[in-house]
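> The structure that follows is given in the form of structure tokens.
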Amino acid sequence: MPKIESVEEHEDASSTEQLHANLYDALSTISTAAAAYTVFDAVISRVAGRRLAAARLSAPDISFLINSVLAGLTGARVIFGSTFNCSIHAYPEWIHRGVGAFAGYMAYDLAVLYTGHGGGDLLPNGTVLAPRKPSAELLVHHVMAFLGSLGSMTFRQANFFPTATLFTELSLISVFAAQRARDAVPRDSGKYLTALKARLICTLLFRTFVVPFTIFRAYRVLGKAHTIDDLRDGLGFLATARRAWRRFRAQTTGFVRYATLTNLVVFTGLNALWTVQIARTLAKEMAKTRTLTTPA
């Protein structure tokens, strides 16, 4: 039977001295990742800058795709693996590295946007931002993602939530492909429409339902009945939900609890907004294509 932890069992991890050590370790890992992306950017720009320009690409585009794959695979390992089958607090080394690399990319990407290097940035809804002109959505996403990652690496509680949501980064590969199809010269309307359909499907699979899934998974893990008293509480939906919430409160500090809930609400809103925008773009392009192909 899995051990039911209480917040007292996190005292060592929550002590001021330990938190300072964790924070230093987190910032060191994040800084290393940000520096690695920066060095990679400089090297690839110098070595293959002309080839990238001829292909209408930039070094930040390559970094964008690398982060999408690395972060997405980290999230996939959480969602489809067994790491969190018995606890939402597991913190193996691979999660530390994966979350740290993602936070490092967030810092690097903001620097890229503010310096104008790479010609702008790409939102999950396909919007291309002008250099030095970050949107409110991008700032909210990157700042919340960075702080959520830093908090997870420092407090090391409820790590399931921020790590599982990294799975959403896989959807950005289809976003990038759609943007490439849109900017192709000459543009192939058929290929662009196919890319938009793939983008919507990938968004639904990798982004839209991730937060609801993480809540459901936590509900199942935390709400399990382990004792006679648990069985007396009942096994229905509401009884399981109350048990899950009671354990979540007992196993996390107040700051972690409310920070986790805030992050979940914010990313649920952003993902819903981007999904609607992506669906509208597809609908408009399909209507435009029908208009162009309908005989006069």
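> Where Rh is the Kirkwood radius over the Cα pairs of the stretch 148-296, the temperature 20 °C and the viscosity 1.002 mPa s, what D in µm²/s does Stokes-Einstein return?
Calculated translational D: 118 µm²/s.
> Ignoring ligands, DNA and RNA, please state the percent of accessible area on the stretch 147-209 from carbon and sulfur, probe 1.4 Å.
69 percent
> Applying a 10 Å radius around every beta-carbon, put 246-255, 96-105, 160-169, 205-214 in order of their mean neighbour count, most first.
Values: 246-255: 16.1, 96-105: 23.7, 160-169: 26.0, 205-214: 19.6.
Descending mean neighbour count gives 160-169, 96-105, 205-214, 246-255.
> Would you mind telling me the share, in percent, of accessible area of the stretch 8-96 contributed by carbon and sulfur at probe 1.4 angstrom?
Its accessible area is 60 percent carbon and sulfur atoms.
> Accessible area per residue for the stretch 75-118 in Å², computed with a 1.4 Å probe and the full protein assembly in place, what is it?
37 Å²
The values are calculated or read from the model by the stated rules, or taken from the named source; none is laboratory data. Just so it is clear, the structure is predicted and the values come from calculations on it, not from any experiment. A quick note on method: Cβ atoms are made from the backbone with ideal geometry, for glycine too, and the neighbour counts reach across all protein chains shown. All accessible areas refer to the heavy atoms of the entire protein, side chains included, with ligands and DNA or RNA removed. Shrake-Rupley method; radii C 1.70, N 1.55, O 1.52, S 1.80 Å.
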